[in-house]
Amino acid sequence: DLCAEKLIDRWRPRGYFLTLYLFYSLGAILGRSETQKCIFYNASWQKEKTNHNGTETCYSETDKRRHCFATWKNVSGSIEILKQGCWLDDINCYDRNECIEKKENPDVFFCCCEGNDCNEKFIHLPEMEVTQPTSNPVSPRPPLFNTLLYSLVPIMGFAIIVLFSFWMYRHHKLAYPPVLVPTQDPGPPPPSPLLGLKPLQLLEVKARGRFGCVWKAQLLHETVAVKIFPLQDKLSWQNEYEIYSLPGMKHENVLQFIGAEKRGTNLDTDLWLISAFHEKGSLTDFLKANVVSWNELYHIAETMARGLAYLHEDIPGLKDGHKPAIAHRDIKSKNVLLKNNLTACIADFGLALKFEAGKSAGDTHGQVGTRRYMAPEVLEGAINFQRDAFLRIDMYAFGLVLWELAARCTASDGPVDEYMLPFEEEVGQHPSLEDMQEIVVHKKKRPILRECWQKHAGLAMLCETIEECWDHDAEARLSAGCVEERIIQMQRLTNLITTEDIVTVVTMVTNVDFPPKESSL
């Protein structure tokens with residue numbers, strides 16, 4: 001676990017003491033002495049040629065317990081220490097954590113105890129002797145309370161230390177993430193050589209997805225988004241980085257890319273993508289909390305279509321090179337972000353494919369993406385692995401996103417439903433692949449287009465466009481460029497309509513010349 005390894009690194013200087021602590025706890029549980037060292041003193045050190053004082057490490061056979069002891073005299077009220085040190089297995093010392101002499105008035109006081117350096121302090125606490133009838137002496141047995149105390153308290157203490165350490169580590173990481181520093185890893189360097197010199201602080205998690213989580217972060221005086229991938233999703237991070245690094249990827253309707261970083265070493269590695277931050281979040285989040293007017297729907301749909309059309313287009317002769325056609329392969333409302341003025345930009349290129357002349361498109365495994373947005377041919381596993389086939393798959397999903405917009409639009413006379421994902425009414429929030437195959441492929445169902453939408457000229461034209469995007473026949477689907485033209489024409493026609501033109505509307509809708517369905521596909 002990555003978090004566990006980071007915790008170990010953080011607490012390595014204290015690891016020795018924690019290990020000793022755990023060892024002592026386990027020793028108590030097993031009935032073994034936890035004494036490892038004792039205070040040492042010898043008043044006759046010169047005569048016996050030993051050390052005068054210090055600390056003594058205790059040794060014994062594996063089945064013996066170890067203790068500490070102290071001996072002293074009381075000379076006219078003055079304490080004279082004779083010896084202190086380690087004491088071998090003695091039942092009279094079991095489970096005593098304090099060094100106490102209990103005899104009334106011995107010539108030489110003696111006490112023993114269990115625990116590191118427990119003989120540093122020693123006291124005389126005489127007991128009142130109670131005479132009993134003749135009885136055989138019985139070996140004292142450790143009290144149950146002491147056994148439980150020595151067994152459970154150390155374990156609980158150790159657990160609390162570990163939990164507190166983990167909490168401190170997480171708190172430190174979230175509050176004060178390290179500065180982005182370029183690594184020596186042979187992977188791609190960050191696009192900007194200055195990025196690694198700027199302090200970047202993670203602020204809060206804004207979203208979680210299949211390949212990682214997205215943070216709101218502060219880069220100097222600029223608010224940015226940081227998408228953090230775990231090491232096992234390196235291929236997705238690498239693919240997204242490569243797509244953003246292609247010529248011509250700076251476009252108003254494509255998420256602005258700022259930089260990439262690999263942080264950490266070996267298994268303790270996070271992969272970062274830094275991009276522009278948009279407070280409104282994804283189209284999914286926006287539609288959950290808001291309804292949209294016709295003009296808002298038009299603006300979102302038109303800028304979204306413009307962004308997808310730009311991705312799909314092959315554009316030679318740009319200043320920074322030749323931009324290849326790109327298939328997104330995971331179009332959904334969650335991957336469309338909204339700027340403050342509701343301009344849409346397309347994000348998340350972890351599954352995207354680029355189509356360069358004379359080069360392989362890379363991993364063209366067919367069944368990828370989000371299940372509820374998968375086209376019929378994807379669900380069937382019957383994809384033609386050509387560029388146009390992948391672009392048409394994007395268009396099917398795009399039709400579903402347009403339906404999400406229409407379902408939250410206030411332009412029609414009917415009620416506006418609560419936000420729902422495509423097919424949520426039919427298969428719920430977590431459909432299986434088999435659920436989607438049954439609904440989309442076998443039954444050929446699509447989300448419901450409400451009758452009341454047909455009463456608004458713009459929505460009626462949008463519904464026809466949606467149906468042509470999600471057509472079961474992939475070759476019959478509209479291209480992104482064609483959808484962009486359709487949406488622009490819808491707005492122009494809608495702007496001409498007034499309350500007095502009700503009769504004219506029917507004629508206009510019936511006779512409108514849509515842009516041809518044939519496209520660059």
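Okay, here's what the table says:
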| item | result |
| --- | --- |
| Residue in the range 103-123 that is nearest to I79 (Cα to Cα), counting only those that are open to solvent by less than 30 Å² (accessible area, probe 1.4 Å) and not in a loop (DSSP other than H, G, I, E, B) | F109 |
| Tally, over the range 77-99, of residues that are open to solvent by 30 Å² or more (accessible area, probe 1.4 Å) and assigned to a strand (DSSP E or B) | 8 |
| F385 being touching a residue at least 12 places away in the same chain (Cβ under 8 Å), surrounded by fewer than 19 Cβ atoms within 10 Å (Cβ to Cβ) and within 19 Å of A474 (Cβ to Cβ) | yes |
| Any chance H430 is exposed (fewer than 14 other Cβ atoms within 10 Å of the Cβ) and either out of contact with any Ser or Thr (no Cβ under 8 Å at 6 or more places or on another chain) or of a type in the set (S, T, N, Q) (or both) | yes |
| Qualifying residue in the range 286-297 (condition: acidic (D, E), open to solvent by 20 Å² or more (accessible area, probe 1.4 Å), outside any helix (DSSP H, G or I) and in contact (Cβ under 8 Å) with a residue 12 or more places away in the chain) | no |
| Per-region count, the range 38-76, residues surrounded by 11 or more Cβ atoms within 10 Å (Cβ to Cβ) and among the charged types (D, E, K, R) | 5 |
| Residue, farthest from Q437 (Cα to Cα), within the range 388-419, restricted to residues that are open to solvent by 10 Å² or more (accessible area, probe 1.4 Å) and aliphatic (A, V, I, L, M) | A411 |
| Candidate set from the range 233-273 (those that are open to solvent by less than 30 Å² (accessible area, probe 1.4 Å) and in a helix (DSSP H, G or I)); member that is nearest to F355 (Cα to Cα) | I243 |
| L493, sole failed condition from (1) open to solvent by less than 90 Å² (accessible area, probe 1.4 Å); (2) at pLDDT below 95; (3) within 42 Å of the chain's Cα centre (by Cα) | (3) |
| Residue in the range 308-316 that is assigned to a strand (DSSP E or B) and crowded, with 20+ Cβ neighbours inside 10 Å present | no |
| Sole residue being closer than 18 Å to Y298 by Cα and not in a loop (DSSP other than H, G, I, E, B), chosen from F390, F398 | F398 |
| Scan of the range 369-380 for residues that are assigned to a loop (DSSP other than H, G, I, E, B) and closer than 17 Å to D471 by Cα, ordered by number | M374, A375 |
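The values are calculated or read from the model by the stated rules, or taken from the named source; none is laboratory data. Keep in mind that this is a model prediction, so the values were computed, not measured. Glycine gets a Cβ as well: all are built from the backbone with ideal geometry, and neighbour counts include every protein chain shown. Heavy atoms of the whole protein, side chains included, go into the accessibility calculation; ligands, DNA and RNA do not. Shrake-Rupley method; radii C 1.70, N 1.55, O 1.52, S 1.80 Å.
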